[in-house]
Amino acid sequence: MKSFAALCAFGAAIAPTFAGVAPRQQSKGSLPPVTVRGNAFYAGDKRFYMRGVAYQPGGASDAKDPLLDLESLRRDVKNFKDLGINTIRIYTIDNSENHDEGMKMLDDAGIYLALDANTPAYSLNRENATTLHQSYNDVYLQSVFATIDQFANYNNLLLFFSGNEVINAKNNTNAAPYIKAVTRDMKQYISNRHSRQIPVGYSAADVAEVIKQQALYFDCGTEDERADFFAFNDYSWCDKEDGLQTFEGAAWDRKVETYKNFPRPIFLSEHGCTEPKRQWGEVAALFSTKMSSVYSGGLAYEYTVEPNGFGIVDIKNGKIEPNGDFDLLKAAYAKAKDPSGDGGARMNGKASQCPPKDDDWEVTTTKLLAMPEGARKFMDDGAGEGPGLDGTDSSHWMGEPSTETAEPGSGQATRTPTGGAGPASTGGAEEGAAVMGAEVPMRFLGLIAASMVFGAALVF
């Protein structure tokens, strides 16, 4: 009995050492996780180009989770395969529900998910400076982190968007530091809580006066603050009534020139101008060597026809009917082959310089707000269950906002997913995989061995 009591006492003594250790995280799916290297995405050692479609049946106003409607998803996956895509983008999911079945369905079809971390009720509110500041709060971040927890272990989770078109005019660029703070917080939470680096970045509106400033701003600063990619919704390539637009006619040659030295991946998070006649001529350009050294593909907008008239399938009496846009997009994807090799990707880029304030760009400082105090506990304890999509609550006025300014570099990882201390510095999505993949810190292995020897001595 004394031996048993001593062993129990020893176990109690070392238990606090393991208190911060998270359960082993099992990756799910057969697709290789996509990583960032330089200014490109890679699936294993192969360059990865997004050829996809935005997928939110019912539109943003309906705000339902399409991955939970398994019957409809099964029907739509057949169309995805017929279309020849490898990625879908979803804007709203229910972060209180399990998504194993839906994500497996996509994985089996060879399809990755680009996921927005916000929902209509849990998001930044750009209405004015007061609402913007108040909406960056602990309740909002709990929902964002819960979404990360729901999807981080799926191999076919391609990336997270930290925001979509929060800046939609030159008079609301004051939202940029808040978007950047959310990006930093998401990266830190992933590094602290999950065993692989998942790319996090922003989906921008193509506001001509400030689009370049957005790209530079979200890439400047310390590593923890920099987005892992930059994406924008581009509807500037408009085919003609009697023929296709040209690369130069759409001014896409100038866009490639603008971003030729950008150090992180760029892709189109939405594209597909409908006027005067949509023929998807931009697809051939996106997957050509004219663009592949800078761009990594794009996502056509959108799957179902909504009131805005952009969809490629109609829903009639609960049945899906591909329309002419579907057939044209399918043909365009079939003709557009990925460039050979690395497509001209670059590995040696440096962080961008932050853009200066001017008449259009209202950001006056490179400093960011610190993570709201009430959200910091999630880094060690986890976010818990998400709020989901039921109810009428909104995070905009529920939580406590940030009250401090962060020091540059303060958003680096503070722990490993297994509870150990964080690394001295942390890289982007292309770095740190070996550190994050460790299952148990080495000091714990020594304790385990010691406890086994000690227990054996007591018993025998």
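For the range 239-269, which residues satisfy the criterion of being touching a Leu at 6+ places or on another chain (Cβ under 8 Å) and either loosely packed, with under 14 Cβ neighbours inside 10 Å or hydroxyl-bearing (Ser, Thr, Tyr) (or both)?
Here is the first cut: in the range 239-269, the ones touching a Leu at 6+ places or on another chain (Cβ under 8 Å) are 267-269.
Of everything in the range 239-269, just one residue is touching a Leu at 6+ places or on another chain (Cβ under 8 Å) and either loosely packed, with under 14 Cβ neighbours inside 10 Å or hydroxyl-bearing (Ser, Thr, Tyr) (or both), namely Ser269.
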Original post:
(1) within 13 Å of the chain's Cα centre (by Cα); (2) farther than 27 Å from Glu373 by Cβ; (3) assigned to a loop (DSSP other than H, G, I, E, B); (4) polar (S, T, N, Q): which one isn't true of Gln197, the others all being true?
Top reply: (2)
Original post:
Within the range 22-30, can one find any residue that is at pLDDT 95 or above and either of a type in the set (Asp, Glu) or under 18 Å from the mean Cα position of the chain (by Cα) (or both)?
Top reply: no
Original post:
Scanning the range 200-234 for residues that are within 30 Å of Glu275 (Cβ to Cβ), in a loop (DSSP other than H, G, I, E, B) and touching a residue at least 40 places away in the same chain (Cβ under 8 Å), which turns out farthest from the chain's Cα centre (by Cα)?
Top reply: Glu209
Original post:
What number of residues within the range 98-139 are out of contact with any strand residue (DSSP E or B) (no Cβ under 9 Å at 6 or more places or on another chain) and either acidic (Asp, Glu) or over 30 Å from Tyr49 (Cβ atoms) (or both)?
Top reply: 15
Original post:
Is at least one residue of the range 300-307 open to solvent by 80 Å² or more (accessible area, probe 1.4 Å) and at pLDDT below 95?
Top reply: yes
**OP:** Might you let me know whether the range 324-336 holds any residue that is of a type in the set (Phe, Trp, Tyr) and within 26 Å of Lys290 (Cα to Cα)?
**Re:** yes
**OP:** Take the range 340-362 and flag every residue that is of a type in the set (Gly, Ala, Ser) and modelled with pLDDT of 95 or more.
**Re:** Ser340, Gly341, Gly343, Gly344, Ala345, Ala351, Ser352
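Return the only residue of Asp219, Asp206 being open to solvent by 10 Å² or more (accessible area, probe 1.4 Å), in contact with a Phe, Trp or Tyr (Cβ under 8 Å, 6 or more places away or on another chain) and at pLDDT 95 or above. Before you say what the answer is, go through the steps one by one.
Working: Asp219 fails: open to solvent by 10 Å² or more (accessible area, probe 1.4 Å).
Criteria check complete, one pass: Asp206.
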Subject >> Listing of helices (runs of 4 or more DSSP H) fully contained in the range 20-110 that carry 2 or more residues being touching a residue at least 40 places away in the same chain (Cβ under 8 Å) and among the charged types (D, E, K, R) >> reply: 70-83, 100-108
Original post:
Somewhere in the range 319-331, is a residue free of Cβ contacts under 8 Å to residues at least 40 places away in the same chain, closer than 22 Å to Asp206 by Cα and open to solvent by 50 Å² or more (accessible area, probe 1.4 Å)?
Top reply: no
Original post:
Do you know which residues across the range 179-233 are touching a strand residue (DSSP E or B) at 6+ places or on another chain (Cβ under 6 Å), over 23 Å from Asp359 (Cα atoms) and among the acidic types (Asp, Glu)?
Top reply: Asp228
Original post:
Are any residues in the range 355-414 of a type in the set (A, V, I, L, M, F, W, C), assigned to a loop (DSSP other than H, G, I, E, B) and in contact with an Asp or Glu (Cβ under 7 Å, 6 or more places away or on another chain), and if so, which ones?
Top reply: Leu368, Ala370, Met371, Ala383, Leu389
Original post:
Out of all the residues in the range 402-409, is one or more crowded, with 17+ Cβ neighbours inside 10 Å and either farther than 26 Å from Leu159 by Cβ or modelled with pLDDT of 95 or more (or both)?
Top reply: yes
**OP:** Looking for whichever is touching a strand residue (DSSP E or B) at 6+ places or on another chain (Cβ under 6 Å) and open to solvent by 70 Å² or more (accessible area, probe 1.4 Å) here; the options are Asp359, Asp342. Which one fits?
**Re:** Asp342
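Restricted to the range 247-274, and to residues that are assigned to a helix (DSSP H, G or I) and among the β-branched types (Val, Ile, Thr), which residue is nearest to Gly311 (Cα to Cα)? Quick ask: steps written out before the conclusion?
Taking the range 247-274 as the starting set, the residues that turn out to be assigned to a helix (DSSP H, G or I) are 252-258.
Subsequent filtering for residues that are among the β-branched types (Val, Ile, Thr) retains 256, 258.
Numbers: Val256: 27, Thr258: 30 Å.
Step by step, filter the range 247-274, then rank; the result is Val256.
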Original post:
Given the conditions (1) assigned to a helix (DSSP H, G or I); (2) at pLDDT 95 or above; (3) closer than 30 Å to Ser236 by Cα, and given that Asn171 satisfies all but one, which numbered condition is not satisfied?
Top reply: (2)
Original post:
Among the residues of the range 77-89, how many are buried (at least 17 other Cβ atoms within 10 Å of the Cβ) and of a type outside the set (S, T, N, Q)?
Top reply: 6
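The values are calculated or read from the model by the stated rules, or taken from the named source; none is laboratory data. Small disclaimer: the values here were computed from a predicted structure and weren't measured. Using ideal geometry, Cβ is built from the backbone for each residue, glycine included, and neighbour counts are taken over all protein chains shown. Calculation scope for accessible area: heavy atoms of the full protein, side chains included, ligands and nucleic acids excluded. Shrake-Rupley method; radii C 1.70, N 1.55, O 1.52, S 1.80 Å.
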